[in-house]
Amino acid sequence: MGPCEGMRGWRRRGSAGAFRAGVGVLLLGLSLAQSTSPQAPCPAGVAPQSLTQPQYQDNTGVDTGAGFMADLVQSFLHTVQPNPFPKDLILKFAKEVQSDPDVIKEVLHYEIGFLVCAAIGVLYIVLMPIVGFFLACCRCCGNCGGKMYQEQTSGIHCCRRALYWSAFITTLIILAGNICMFRSNEALRVSVDQSAVELNNTLDNLQTYLTAVPQQFDRVVNESYKTVHEVSQNLNAIGPQLGTEIQKSFKGTLDPALSSVRVMDQEITSTNDLLRELNSSLVRLQSSVNLLQANVSAVKNSINQTIHKPSCTGCTVLQPDLQKLTVDISVTIPSLGEFQSAVDEVVKADLKSQIKEVEDYFNSIPQRVTNDTKDVVQSTKQQLEEIQAQISQMTKDIPLSALTNVSDTLDHLQTEISSVTPEVERAEHMRWAVCVTLCCVVLLVVVCNVLGLLLGPLGLTPKADPTERSCTADCGGTFLMMGAGFSFLISWLFMLVVLVLFLLGGNVYTLVCQPWDNGELLKFIDTPGVIPQFELGPMLGLKSNLTLTNIYSDCEKNMPLWSTLHLYELVDLEDLLNVSKYTEEIQQHFENTNITLSTITFLSPEVRQQLSSISAKAKDVDFTTVTQQINNISSINLNTTADKLDELANVQTNSEIQTELRAEAMELRQIQINIDTTIIPQLEKLNSTIESLRSIAGKINGTVGEVLSKVGAAQDFLNTNTTQIVKTESRAFLDCQMAYFIAYADWANITITQQLGRCGPVAGAVDSAEIIICSQMVESLNAFWFSLGWCMIFFIPSIIFSIKLAKYYRRMAHSDVFENHIMMNHIPRAQMKAY
């Protein structure tokens, strides 16, 4: 059976298998998720933020004033019905009402308090019109106070005062009850008007909650999608990430070695350039020296011929100077050729290419990691795709449609409420008008009594004859009789209203509101058999029984669905979020992955030998000899010999000899000029090149030693640590991913167990319904019938006191004289008139 078929079976038969499987897949997906950035190797993971709880409307409502009589009415109802909530009796009555008369007896026994009050109300309803009828008939017959005659006694004033204050107090009590009627009627009107708003707010909160739960669920699922996608991107970037970390491990050793080789290459290049420049300078210098030697030899031969002529007087004195006049100089540098050969060998070795080879090797590490981890990345991505497919399927299997159905039902209910609200408002207006009429009728009786109590004493003269009482007093007595008459006419009808509302409101309070408030109603609903085939535990596949009482208690604390619905019995969250359980295969893949970094040789033994040879040959180059040779050339001065020739020419008598000597002196000076203008600059440049070469040659030894040392250390490091570095960084990369797994699993655990679907609005809806029905409507209704019944009960003494007191204010038809304690009756019996 597929997942969808399993879910349909869950809906039909109450099986929780598909639900359990769906939750398991969700948690599996969360446990294998992580939140990383593909741009960084192991950035500081930031777990997703806590679920945002929806904002609900404030449903406290306005104070309707319905509770001003709640304590008094509830105290009365507790006296009428002191028995506890009869859940067993209700079950029996619901099952056996047609077959077992004993159950009916139990019900009547339970309702004995209400039955007694109802019997009293029935007696009132029956007796009040009967008594009023007989009283009216009796008075019409001239009895029961119908005679317009008042016997004057010594205690008449005391009796009148007593009746007055009794009627006054009774009227005040009725007025207080009437005020309570007006107030409770208004409170009931406000409660009904407010109930529509509060009910819509409650339904809106439920709608918000029912909408938020799937959204929160989607948030968790979408976060799984997001993290799966990010994991895939991270795996795609494993080469740059892991390769960069491996490169960092190599940098500390490779960079100094490469830097020293670069410096060595620069020095070799500079040395080679200087050697080439030196050889070129030596060639040019040697050519100039050879030309100088030829010119000097020619002049020397000419001078030698001239001074040996017989006509040359005293010329033999130049013979010693002529012997010195020679330029036989050869500029050579010992061991320079060997040094040049060593440098040429290193130049042929091309250190730049070897540096580039090492750099290419270093830069190719990320690509090598990518190539070597291709299989493990592919297999892991396939696992992630399977997880994502399971999560996608899970969104179809999780029974969130039930919430959607409830939401649709609430929408329909709100529509129905909106459609019937005008009718309810009209009905409420009619009810309010009727109740106001009842209040006004009762107020009419109060007004009659108050007018009677006010006008009677104002127009009464205590010593006046009863037949001569004022119109004001007579009017007061008439108002008292009117109040009594109205009381007889309306009290039994109003008591009928009291009886009906008492039986309705009283039983609703004792059987619904009171157990609702103390939690017994939910416990009763939780009782097996109350609602056929309604057991939440088995429906959800739970081992323990899940009761509405427990759900309401948890929702009062705004607990999440995980603990409220005991989902921990369906899913072992700790087991599902065990990272090692789900990542073992991935770890094994990483363990079996062999990231191979072939060993690279920084410098071959031949190059190292050549560098050592350069160091040795640089020591053998004798720059002192060439410097001495340069100094010797620089010290040549032919002008001295030329000056002596001029002096010798001055003492000659032979003009021809004189001319020859002066010409030869001129040639020497010209050669000296050529030396100063051609050879000396060449010597200076040669000397500069030699000094630069001497400086570099002096450093080569240290540079070569540094290069060989650092390259050797780097080579040893690569040979011995490459494999370990790769394993260490691979383990660090995997541990980093595992750390993200753990962080996300912790977030998922907290989100699911502490934040997802906090059901406070559900308890708030139940509380709001209890407030609307019980704390407002029922309390207002009970306050109204209690106030009306209060007035009806006190109508009885009001009638008695009003009728008794009225005779003290009304104008009598016959007088009765009381004098000196002797009663004198002058009224014939036949002349008595009836009222």
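Tabulated results
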{"quantity": "Some residue of segment 713-734 being open to solvent by less than 30 Å² (accessible area, probe 1.4 Å) and more than 19 Å from Ile365 (Cβ to Cβ)", "calculated": "no"}
{"quantity": "Test set (1) farther than 23 Å from Ala697 by Cα; (2) among the β-branched types (Val, Ile, Thr); (3) modelled with pLDDT of 75 or more - Val343 fails condition number", "calculated": "(1)"}
{"quantity": "Qualifying residue in segment 705-721 (condition: outside any helix (DSSP H, G or I), modelled with pLDDT under 80 and among the hydroxyl-bearing types (Ser, Thr, Tyr))", "calculated": "no"}
{"quantity": "Checking Val762 against (1) open to solvent by 10 Å² or more (accessible area, probe 1.4 Å); (2) closer than 30 Å to Leu496 by Cβ, the condition it does not meet", "calculated": "(2)"}
{"quantity": "Some residue of segment 290-305 being crowded, with 20+ Cβ neighbours inside 10 Å and among the polar types (S, T, N, Q)", "calculated": "no"}
{"quantity": "Failed item, numbered, when Gly456 is tested on (1) at pLDDT 90 or above; (2) surrounded by 23 or more Cβ atoms within 10 Å (Cβ to Cβ)", "calculated": "(1)"}
{"quantity": "Enumerated helices (runs of 4 or more DSSP H) restricted to segment 461-564, each holding at least 3 residues that are open to solvent by 70 Å² or more (accessible area, probe 1.4 Å) and modelled with pLDDT of 80 or more", "calculated": "471-508"}
{"quantity": "Filter result for Gln629 (in a helix (DSSP H, G or I), at pLDDT below 70 and either of a type outside the set (Lys, Arg) or open to solvent by 70 Å² or more (accessible area, probe 1.4 Å) (or both))", "calculated": "no"}
{"quantity": "Test: residue in segment 324-334 that is assigned to a helix (DSSP H, G or I) and either more than 26 Å from Leu718 (Cα to Cα) or open to solvent by 60 Å² or more (accessible area, probe 1.4 Å) (or both)", "calculated": "yes"}
{"quantity": "Test: residue in segment 429-450 that is within 57 Å of the chain's Cα centre (by Cα), at pLDDT 90 or above, among the small types (Gly, Ala, Ser) and open to solvent by 20 Å² or more (accessible area, probe 1.4 Å)", "calculated": "yes"}
{"quantity": "Qualifying residues in segment 48-67 (those that are hydrophobic (A, V, I, L, M, F, W, C) and surrounded by 17 or more Cβ atoms within 10 Å (Cβ to Cβ)) - the one modelled with the highest pLDDT", "calculated": "Leu51"}
{"quantity": "Yes/no for Gln393 being at pLDDT 70 or above and open to solvent by 50 Å² or more (accessible area, probe 1.4 Å)", "calculated": "no"}
{"quantity": "Which listed residue is modelled with pLDDT of 85 or more, part of a helix (DSSP H, G or I) and more than 60 Å from the chain's Cα centre (by Cα), from Ser166, Ser184", "calculated": "Ser166"}
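The rows are residues; the columns are (1) out of contact with any helix residue (DSSP H, G or I) (no Cβ under 9 Å at 6 or more places or on another chain); (2) open to solvent by 10 Å² or more (accessible area, probe 1.4 Å); (3) at pLDDT below 75; (4) not β-branched (Val, Ile, Thr).
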| position | (1), (2), (3), (4) |
| --- | --- |
| Lys619 | no, yes, yes, yes |
| Asp643 | no, yes, no, yes |
| Glu667 | no, yes, no, yes |
| Ile673 | yes, yes, no, no |
| Ile680 | no, yes, no, no |
| Glu691 | no, yes, no, yes |
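Conditions tested, residue by residue: (1) over 30 Å from Asn234 (Cβ atoms); (2) touching a residue at least 40 places away in the same chain (Cβ under 8 Å).
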residue	(1), (2)
Lys685	yes, yes
Arg694	yes, yes
Lys699	yes, yes
Thr720	yes, no
Val726	no, yes
Leu734	no, yes
Ala745	no, yes
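The values are calculated or read from the model by the stated rules, or taken from the named source; none is laboratory data. The structure presented is a predicted model; accordingly, all values stated were derived computationally and were not measured. Because the Cβ atoms are built from the backbone with ideal geometry, glycine has one as well, and the counts that use them run over all protein chains shown. Areas reflect the complete protein model, heavy atoms only, side chains present, ligands, DNA and RNA absent. Shrake-Rupley method; radii C 1.70, N 1.55, O 1.52, S 1.80 Å.
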